[in-house]
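Undergrad: Input: one structure, supplied below.
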Amino acid sequence: MTSDVPTHSFRSVFISDVHLGTRGCQAELLLDFIRSMECEQLYLIGDIIDGWKLKGGWHWPQAHNDVVQKVLRMARKGTAVIYVPGNHDEVARDYCGVHFGGVVIARDAIHTTADGRTFLVTHGDEFDGVVQHAKWLAFLGDWSYRTILMLNTLFNHARRKMGFGYWSLSAFLKGKVKNALQFIENFEGAVADEARRRGVDGVICGHIHKAEMRDIDGITYINDGDWVESCTALVEHMDGRLELLEWAKMRSWSMIERTSDRTTRPVLGDRATA
């Protein structure tokens, strides 16, 4: 079991696309990250819980419960937790402005860094034409994606047995598909345009599961990635510097496996051991 003593201090942390409730969710890696850090502000930028998947079947191991309990504990101890729902947890959008256990739900947010830059914080599905105008196609794509993630889980289980580290098969396949690359380019341009319209310096989003930080015509575009493929988070240091952390590459699988023996029992509402 890993220690709960934080070893990293940040001003702000941004995570999205955890997809709790799915078999592809890397909850143990996320728990390890949360246990290792403390922050003043935690932004949960959508698709934290996968309501689409839970409607079709219940999957909630102990590690998923521990993630929720750990976040609530951070809120109780003074961390400002802002939850910006996405398309997979869109039901939470009916409660924007409401506080749950110290967690504030917001449609989107404006974040100001320590060095004075302003960022629009949004999940990003509003700028996805498939989600907005052909939701049946989005559901089909989600089913295909979860199938690939299942293969990804089996593939990495075999890699761990052979002593290799984590490698995202699903991200590799997505990177090889021309249409997917064009979709990502269109998405990034659309969210950058919205940030420009809002008069801010940049945008921090999720949704497409592709961690990246770059300039788009004067707008700083940042995607914090996900916790099913890349296992990445965006962090703001105390001086305002922003950095993408690739947690799966920073931590060893042997350490993660020592925490995974508690994830086999489906539980919701029990006191977490995190």
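The values are calculated or read from the model by the stated rules, or taken from the named source; none is laboratory data. None of the values given here were measured: they were computed from a predicted structure. So basically every Cβ, Gly included, is an ideal-geometry build from the backbone, and we count neighbours across all protein chains shown.
Undergrad: Of R107, R93, R73, which residue is more than 17 Å from A233 (Cβ to Cβ) and in a loop (DSSP other than H, G, I, E, B)?
TA: When all the criteria are applied, what remains is R107.
Undergrad: Let me ask another. Restricting attention to the stretch 80-91, and to residues there that are in contact with a Gly (Cβ under 9 Å, 6 or more places away or on another chain), crowded, with 18+ Cβ neighbours inside 10 Å and at pLDDT 95 or above, which single residue is nearest to V228 (Cα to Cα)?
TA: G86
Undergrad: Turning to a different aspect of this structure: Condition first: farther than 24 Å from I204 by Cβ and part of a helix (DSSP H, G or I). Now tell me which residues in the stretch 27-70 satisfy that.
TA: The answer is E28, K53, L54, K55, G56, Q62, A63, H64, N65, D66, Q69.
Undergrad: Here's something else I'd like to know. Collect the residues in the stretch 58-94 that are more than 14 Å from L20 (Cβ to Cβ) and of a type outside the set (V, I, T), keeping them in residue-number order.
TA: Once the filter is applied, which keeps residues that are more than 14 Å from L20 (Cβ to Cβ) and of a type outside the set (V, I, T), the stretch 58-94 yields R73, M74, A75, R76, K77, G78, A80, N87, E90, R93, D94.
Undergrad: Evaluate the stretch 55-69: report whether one residue or more is among the aromatic types (F, W, Y) and in contact with an Asp or Glu (Cβ under 8 Å, 6 or more places away or on another chain).
TA: No: zero hits.
Undergrad: Okay, moving on. For T7, all conditions in the list (1) of a type in the set (S, T, N, Q); (2) within 19 Å of G225 (Cβ to Cβ); (3) at pLDDT below 95 hold save one; what is the number of the exception?
TA: (2)
Undergrad: Within the stretch 76-90, can you find the residues that are part of a loop (DSSP other than H, G, I, E, B), in contact with a strand residue (DSSP E or B) (Cβ under 9 Å, 6 or more places away or on another chain), under 23 Å from I208 (Cβ atoms) and not acidic (D, E)?
TA: V84, P85, H88
Rundown of residues vs (1) assigned to a loop (DSSP other than H, G, I, E, B); (2) surrounded by fewer than 24 Cβ atoms within 10 Å (Cβ to Cβ); (3) among the acidic types (D, E); (4) at pLDDT below 95, yes/no style:
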{"residue": "E188", "(1), (2), (3), (4)": "no, yes, yes, yes"}
{"residue": "R197", "(1), (2), (3), (4)": "no, yes, no, no"}
{"residue": "H207", "(1), (2), (3), (4)": "yes, no, no, yes"}
{"residue": "R214", "(1), (2), (3), (4)": "no, yes, no, no"}
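Undergrad: What tally of residues in the stretch 216-250 results from selecting those that are of a type in the set (V, I, T) and at pLDDT below 95?
TA: 1
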